[in-house]
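What follows is a single structure, written as structure tokens, with notes after it.
The values are calculated or read from the model by the stated rules, or taken from the named source; none is laboratory data. Everything quoted here is computed from the prediction, not taken from an experiment. FYI the Cβ positions are ideal-geometry reconstructions off the backbone, even for glycines, and counts take in every protein chain you see.
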């Protein structure tokens with residue numbers, strides 16, 4: 001099976017998902033939009049992962065490849081492929097499927113609690129009633145038509161959604177590792193302007209190994225759920 005992922009900046013990688021994919025014996029390929037716009041045919045992809053980045057889903061004039069990326073997302077979604085979008089990736093899925101992406105009331109940067117929204121049936125992923133996740137975003141999105149809300153937080157109403165059986169967008173990060181946190185702090189430090197939902201670097205870097213394990217384990221559960229129909 002082939003897992004293809006879309007990378008928007010060099011410093012945002014798969015994090016804990018890479019180990020999960022290798023354990024499940026996926027062949028891992030990627031498109032680095034900062035180098036090339038080459039994309040596989042959707043029929044050759046068994047799982048698509050769309051990562052984050054500091055740009056906006058609305059920035060087609062600055063990043064013309066966003067238009068092609070969103071068309072590729074629509075093709076994969078309409079063909080029934082499992083698709084997971086994280087942070088910018090979730091915003092791109094929402095925008096590609098007809099929803100608005102815009103500035104959130106407040107940026108969210110750091111470790112903050114998220115509340116799971118009870119799923120109506122087993123075809124939707126169930127998050128814990130409350131869990132802590134890593135956040136780094138300034139924008140949010142409306143829910144796309146047909147999407148079901150799966151999680152919210154005090155700082156952002158739309159934290160996670162699911163479309164159909166196997167398309168999910170997460171505004172927060174469950175794949176984060178200590179190395180990933182250092183990378184985003186290094187490259188996006190200027191975005192960390194103190195406010196209600198922006199933590200200090202000390203608080204961000206003070207996360208325990210148990211905290212990382214909790215979010216990485218939840219990500220593994222989510223990936224297993226998305227790929228449950230895979231042969």
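Which residues, taken from region 38-65, are assigned to a loop (DSSP other than H, G, I, E, B), in contact with a strand residue (DSSP E or B) (Cβ under 9 Å, 6 or more places away or on another chain) and exposed (fewer than 13 other Cβ atoms within 10 Å of the Cβ)?
Matches in region 38-65: 38 only.
Sort out which residues of region 66-101 are touching a residue at least 40 places away in the same chain (Cβ under 8 Å) and surrounded by fewer than 15 Cβ atoms within 10 Å (Cβ to Cβ), and write them in order of number.
80, 98, 100
Within region 41-65, which residues are touching a residue at least 60 places away in the same chain (Cβ under 8 Å) and farther than 26 Å from residue 109 by Cα?
Of everything in region 41-65, those that are touching a residue at least 60 places away in the same chain (Cβ under 8 Å) and farther than 26 Å from residue 109 by Cα turn out to be 46, 47.
Scan region 205-217 and give yes if some residue there is surrounded by 15 or more Cβ atoms within 10 Å (Cβ to Cβ) and under 26 Å from residue 102 (Cβ atoms), otherwise no.
Scanning region 205-217, I find no residue that is surrounded by 15 or more Cβ atoms within 10 Å (Cβ to Cβ) and under 26 Å from residue 102 (Cβ atoms), so the answer is no.
Which of the numbered conditions does residue 32 fail, given that it passes all the others? Conditions: (1) touching a strand residue (DSSP E or B) at 6+ places or on another chain (Cβ under 6 Å); (2) buried (at least 17 other Cβ atoms within 10 Å of the Cβ).
For residue 32, the failing item is (2).
Restricting attention to region 171-189, report how many residues are more than 19 Å from residue 217 (Cβ to Cβ) and surrounded by 14 or more Cβ atoms within 10 Å (Cβ to Cβ).
Of the residues in region 171-189, 6 are more than 19 Å from residue 217 (Cβ to Cβ) and surrounded by 14 or more Cβ atoms within 10 Å (Cβ to Cβ).
Checking residue 19 against (1) in contact with a strand residue (DSSP E or B) (Cβ under 9 Å, 6 or more places away or on another chain); (2) not in a loop (DSSP other than H, G, I, E, B), which single condition isn't satisfied?
(1)
Would you list the helices (runs of 4 or more DSSP H) that sit entirely within region 115-231 and hold 1 or more residues that are modelled with pLDDT of 95 or more and closer than 22 Å to residue 91 by Cα?
Fully inside region 115-231 and qualifying: 178-188, 209-226.
Which residues, taken from region 76-99, are in contact with a helix residue (DSSP H, G or I) (Cβ under 8 Å, 6 or more places away or on another chain) and not in a strand (DSSP E or B)?
76, 77, 79, 81, 82, 92, 93, 95, 96, 97
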